[in-house]
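A quick write-up on the structure given underneath.
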Amino acid sequence: MRLCGLVCPPAEIDEVLAAKGFNDTRVIPDPANPSRMWLGDTTTAETNDLLARLAKGELLSANGTRFFLNIFKGLSGFRDGFRRNMSSAERSRIAMKYGADDPNRNESGVVYNTSDAPVLVYSFMPQFNDHWGDYGATHPAVQAHATMGRKMLDIVNSARWPRPTPSSSTSSRKRSTPDSNSTVVAPHVVQQDPRRAGRAPAARRPGPVSQSTAAVHRPAMPSSSKFVTV
C-alpha cells in the first residue's frame with residue numbers, strides 16, 4: 001500500500017471510484033499520512049461490475065486493459081482456489097485476484113474462452129468463524145472455489161460462442177431483479193447466489209457467510225460485449 005500511495009494518493013483513488021459509479025468500494029486513507037492507505041471495503045456486486053467493465057474496455061485503454069488483465073493471468077499466481085483443478089493452458093485463461101485476511105478468503109476474476117474473449121466474471125467473498133489460520137488449499141472456502149471454478153470453466157468450454165461480426169448490434173435489454181444484485185443484459189445465466197451481496201470487512205462473523213456473484217459474457221464483438229450478472 002506504500003508504493004500505491006506514492007503513485008496515486010488514497011483520496012484520488014476514492015474520487016476516481018466515485019466518478020466511475022462505485023459507491024461501496026473505497027480504500028481507507030491514513031490520517032497521519034495522505035500518501036498511505038489501509039485496506040478498504042467493497043462488495044461482490046461492485047467487484048463483479050468493476051471486472052466486467054474492465055474486461056469490456058470501459059475503464060482503461062485497450063493497451064492498459066490488456067496489460068492489466070495479462071498480469072492477473074500469470075501462472076505463478078494463486079492456484080489453490082478457482083484455478084486448482086485445471087491444466088496450465090486452462091489456468092492461463094483465468095485473470096484472477098486473490099486476497100485473504102483473518103476470516104476472509106476472497107477471489108474474483110475473469111474467465112476467457114478458447115478464442116481469448118472474456119466470457120464470465122466471478123467474485124467470491126466468504127467469511128468463516130474459524131479456519132482463520134488456514135491459508136492453504138484445505139480451507140473450506142478455497143475448496144468450494146476450486147469446485148465452482150471447474151464447473152464454471154466446463155460451462156464456458158461447452159458453450160457455443162458466436163463469431164465476431166461487423167453487423168453485431170450494440171443494444172441490450174435490461175431488467176432488474178428485486179431480491180438480488182442482478183442486471184440481465186443477455187439471456188444466458190449462471191446461477192450462483194440469489195442473496196444480496198454486502199460489505200466484506202475483515203471482521204468476525206457468527207458463522208460461515210458466502211457472498212458471491214458471477215457474470216457470463218456472450219460476446220459478438222469486443223465493442224458490444226454482453227454480460228449477465230447474478
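General observations
- Scanning the stretch 6-34 for residues being out of contact with any Pro (no Cβ under 8 Å at 6 or more places or on another chain) and part of a helix (DSSP H, G or I) gives a total of 9.
- Every residue from the stretch 22-51 that is surrounded by fewer than 19 Cβ atoms within 10 Å (Cβ to Cβ) and of a type in the set (D, E, K, R): D24, R26, D30, R36, D41
- Which listed residue is modelled with pLDDT under 95, of a type in the set (A, V, I, L, M, F, W, C) and within 21 Å of G136 (Cβ to Cβ), from A100, A117: A100
- Single residue of L17, L54 found to be crowded, with 18+ Cβ neighbours inside 10 Å, touching a strand residue (DSSP E or B) at 6+ places or on another chain (Cβ under 8 Å), within 28 Å of R160 (Cβ to Cβ) and hydrophobic (A, V, I, L, M, F, W, C): L54
- Among the residues of the stretch 74-124, those identified as surrounded by fewer than 17 Cβ atoms within 10 Å (Cβ to Cβ) and either free of Cβ contacts under 8 Å to residues at least 24 places away in the same chain or within 18 Å of T47 (Cβ to Cβ) (or both) are G74, L75, S76, G77, S87, S88, A89, S92, K97, G99, D101, D116.
- Residue match in the stretch 95-106 (condition: of a type in the set (S, T, N, Q) and part of a helix (DSSP H, G or I)): no
- Screening the stretch 125-157 for residues that are small (G, A, S) and closer than 13 Å to G99 by Cα and picking the one that is surrounded by the fewest Cβ atoms within 10 Å (Cβ to Cβ) gives G136.
- Filter result for L39 (part of a helix (DSSP H, G or I), closer than 18 Å to F124 by Cα and of a type in the set (A, V, I, L, M)): no
The values are calculated or read from the model by the stated rules, or taken from the named source; none is laboratory data. None of the values given here were measured: they were computed from a predicted structure. Every residue, glycine as well, gets a Cβ built from its backbone with ideal geometry; the counts of neighbours run over all protein chains shown.
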